[in-house]
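Trainee: Sending over a structure as structure tokens; questions will come in a sec.
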């Protein structure tokens, strides 16, 4: 790349990042959330306050409200986000604390744009990587999520940091880079647990692209980087609670996803909360075995409904535009004021992204499939193919996991940059296929003329 082209690229990316920063900071400044400390947000803050006041990881509010001397420890949630909040609490919790947390989240979300571009350039042309970064900057879901005291912003940042480090590894095969990949993946998993099993797919990919003794050394450091923080968490649970982990949340999430179209008895008012209307909820959700038995029973009674739900319905719900389980549109909790209601830049970006949403998801699916086509279909270096297949594997893992669990649209927010990167790869793959098709037809025509 010439110096002029490089300068132009840097200028474009700088403008994209500044645009993303502007949207995120204005969203934090001008969005008013209706009761921001509620539901999950309240739970995370209680954990952080208990860590600050009593050095105990607990969701119990009794100690904070003065009803007991110290809270009872638990492991219902993972510690990543509460520790993040604890670091930002300061001397006392106040409205200024909430503002500080959301500003920091907005800054991390802006850095995510930079990481997205740097990651995607490892397997995409720079213009396509820039488009993926622009989509990341404009995404209303990624902009709005910063105003909530929820895990999405931090987990998205950590996931993209992990993928960026991974993208550097194949071009600079330093084993300590893979140690850093494992470490950041562990931090992401301790923030949002869904990524924790991805390590078992990533290690074989590393061994496939770097075979032999050297590959085993790199894969070993990847595993050490991941399992070290995870074992610290497991060790804490064993010493404090006598168990490896608390599966309460996992079990409930698994059960909640068993209702076709997330409805109880096909009643629209039960959407996303069907379990609250089921009188047998305690009996069915008592154990993993009882949930599986209920799924098999329902499958026998309504095979078509369950086949459609688990093959098409769940992915469609997972990638939905509307946060249907929350306040709708791009909002998890209701808002009393938002710049998306009046500010022209916000309204236009929202309209554009909503219009493109389904197209981008379909392109991302195409890109995920294309990444696994034989080497002969497109000219790519090993480093490009490794990274494309790593992101494709992450996409497949993400969809499969939430096909088993509860496919809430909110869960796809941290994956938005990956979706945009794979969408651009899908667009590139379609261009490659079209070029080959046209070139083949031209060769046939020329052969016929001769």
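Trainee: Mean shadow of the stretch 234-386, computed from the convex hull of its alpha carbons, in nm²?
Mentor: 16.0
Trainee: Any idea what angle helix 416-449 forms with the longest principal axis of the chain, computed on alpha-carbon atoms, 0 to 90 degrees, nearest 10?
Mentor: 20
Trainee: What angle do you read, to the nearest 10 degrees and between 0 and 90, between the alpha-carbon axis of helix 95-120 and the longest principal axis of the chain?
Mentor: 20
Trainee: Show me 175-181, 27-33 ranked by packing, highest mean number of other Cβ atoms within 10 Å first.
Mentor: The most tightly packed comes first, giving 175-181, 27-33.
Trainee: From Cα pairs below 8 angstrom and at least 6 apart in sequence, can you work out the relative contact order of the chain, rounded to a whole percent?
Mentor: 19 percent.
Trainee: So, one more: Taking the Cβ of each residue in 52, 314 as the centre, tally the other Cβ atoms inside 10 Å and list the residues starting with the fewest.
Mentor: By the 10 Å Cβ count, ascending, the order reads 52, 314.
Trainee: Another question about this same structure. Could you state, as a whole-number percent, how many of the C-alpha pairs of the stretch 3-449 are farther apart than 43 Å?
Mentor: Cα-Cα pairs of the stretch 3-449 separated by over 43 Å account for 15 percent.
Trainee: Same structure, new question: Based on other C-beta atoms within 10 Å, arrange 412, 285, 153 from fewest to most.
Mentor: 285, 412, 153
Trainee: Tell me the mean residue ellipticity at 222 nm calculated for the chain from its helices only (DSSP H runs of n ≥ 4, each -39500 (n - 2.57), averaged over every residue, nearest 500).
Mentor: Value at 222 nm, helices only: -22000 deg cm²/dmol.
Trainee: Using packing as a proxy for protection, rank 246-254, 274-282 so that the peptide with the highest average count of other Cβ atoms within 10 Å comes first.
Mentor: Descending mean neighbour count gives 246-254, 274-282.
Trainee: Could you work out how far helix 3-30 tilts from the main Cα principal axis of the chain, as a 0 to 90 degree angle to the nearest 10?
Mentor: 20
Trainee: Please report 117, 310 as a ranked list, fewest other C-beta atoms within 10 angstrom at the top and most at the bottom.
Mentor: Final ranking by Cβ density, sparse to dense: 310, 117.
Only the coordinates and a few stated rules stand behind these numbers; no lab work does. Note that the structure is predicted; figures quoted are calculated from it, not measured. With ideal geometry, Cβ positions are generated from the backbone for all residues, glycine too; neighbour counts draw on all protein chains shown.
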